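This report concerns only the one structure given below.
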Amino acid sequence: MLTFYYATNTCALASHIALEEAGADYEARWVDFGSAEQTKPEYLKINPKGRVPALMTERGVVTENPAILAYIAQTHPVARLAPLDDPFAFAELQSFLGYLCATVHVAHAHGRRGYRWADDPAAHEAMKKKVPQSVGACFDLIEGTMFKGPWVMGEAYTVADPYLFTVARWLEGDSVDPAAFPRVLDHRDRMAERPAVRRVLKAEGLA
């Protein structure tokens, strides 16, 4: 059995949904960020980065959403959550996952965790002010170029869909109007109605 470590209202939601969509045999364990559980020795033995998500497998721990999502898709091929037989299409999928992780999430984090990049409080405020513009620019690119429709990669639902759903849930908190991105908003609405998504949202106390 897999053991999945997550915290509520984090990017771990993406991998949690993918596990549910795949029909994986897993146990979800909540990491209490409110008590800084992610910084305690017990959790740091699992993930020295002190972050979520983390997925314990029989061979060891996998961290970072793009890696976990790819692992889920590859170990549950019957669920058809990635184009595993098409190297180029799989690379396109990985490119999208990487963009969400390395660019969109980082732009979002500048509004909440400026201390990762600067010590000056004035710099933190400057980062916060930039978030609506930087995150909005990311979603402009997703809406107009990267999102194929009706799902992220086209006709087939993949692990990219729960990841986009997760970061799209942050738009209002980043002071970005989701109505400016009708395709992304429609995708977010349709994702919220999927049975697996509804189960995970309920399990995480988000619905």
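So which of VAL167, VAL184, VAL159 ends up being without any contact (Cβ under 8 Å) to a residue 60 or more places away in the chain and of a type outside the set (Phe, Trp, Tyr)?
Details: VAL167 fails: without any contact (Cβ under 8 Å) to a residue 60 or more places away in the chain; VAL159 fails: without any contact (Cβ under 8 Å) to a residue 60 or more places away in the chain.
Answer to the selection: VAL184.
Every residue, every condition in (1) of a type in the set (Asp, Glu); (2) over 19 Å from GLY154 (Cα atoms); (3) in contact with a helix residue (DSSP H, G or I) (Cβ under 7 Å, 6 or more places away or on another chain); (4) assigned to a helix (DSSP H, G or I), yes or no:
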{"position": "GLU42", "(1), (2), (3), (4)": "yes, yes, no, yes"}
{"position": "VAL52", "(1), (2), (3), (4)": "no, yes, yes, no"}
{"position": "VAL61", "(1), (2), (3), (4)": "no, yes, no, no"}
{"position": "ALA67", "(1), (2), (3), (4)": "no, yes, no, yes"}
{"position": "GLU92", "(1), (2), (3), (4)": "yes, no, no, yes"}
{"position": "SER95", "(1), (2), (3), (4)": "no, no, no, yes"}
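Would you mind finding the one in ALA102, ALA91 that is of a type in the set (A, V, I, L, M, F, W, C), assigned by TED's automatic domain parsing to the domain that holds ALA179 and under 23 Å from GLU172 (Cβ atoms)?
Numbers: ALA91 fails: under 23 Å from GLU172 (Cβ atoms).
Among ALA102, ALA91, only ALA102 is of a type in the set (A, V, I, L, M, F, W, C), assigned by TED's automatic domain parsing to the domain that holds ALA179 and under 23 Å from GLU172 (Cβ atoms).
Checking THR145 against (1) under 19 Å from GLU92 (Cβ atoms); (2) in contact (Cβ under 8 Å) with a residue 60 or more places away in the chain; (3) of a type outside the set (Lys, Arg), only one condition comes out false. Which one?
Condition (2) is where THR145 drops out.
Tally time: how many residues in region 148-200 are surrounded by 17 or more Cβ atoms within 10 Å (Cβ to Cβ), assigned to a helix (DSSP H, G or I) and out of contact with any helix residue (DSSP H, G or I) (no Cβ under 6 Å at 6 or more places or on another chain)?
So the answer is 3.
When region 65-98 is examined, which residues are found to be buried (at least 20 other Cβ atoms within 10 Å of the Cβ) and out of contact with any strand residue (DSSP E or B) (no Cβ under 6 Å at 6 or more places or on another chain)? First the steps, then the outcome.
Pass one, region 65-98, residues buried (at least 20 other Cβ atoms within 10 Å of the Cβ): 65-66, 68-70, 72-73, 81-82, 93, 96-97.
Once the filter is applied, which keeps residues that are buried (at least 20 other Cβ atoms within 10 Å of the Cβ) and out of contact with any strand residue (DSSP E or B) (no Cβ under 6 Å at 6 or more places or on another chain), region 65-98 yields ASN65, PRO66, LEU69, ALA70, ILE72, ALA73, LEU81, ALA82, LEU93, PHE96, LEU97.
State whether the residues of region 32-50 include one that is within 20 Å of TYR163 (Cα to Cα) and either touching a Phe, Trp or Tyr at 6+ places or on another chain (Cβ under 7 Å) or surrounded by fewer than 17 Cβ atoms within 10 Å (Cβ to Cβ) (or both).
no
The values are calculated or read from the model by the stated rules, or taken from the named source; none is laboratory data. Because the structure is predicted, anything quoted here is derived from the model rather than measured. Cβ: placed from backbone, ideal geometry, glycine included. Neighbour counts: every protein chain shown.
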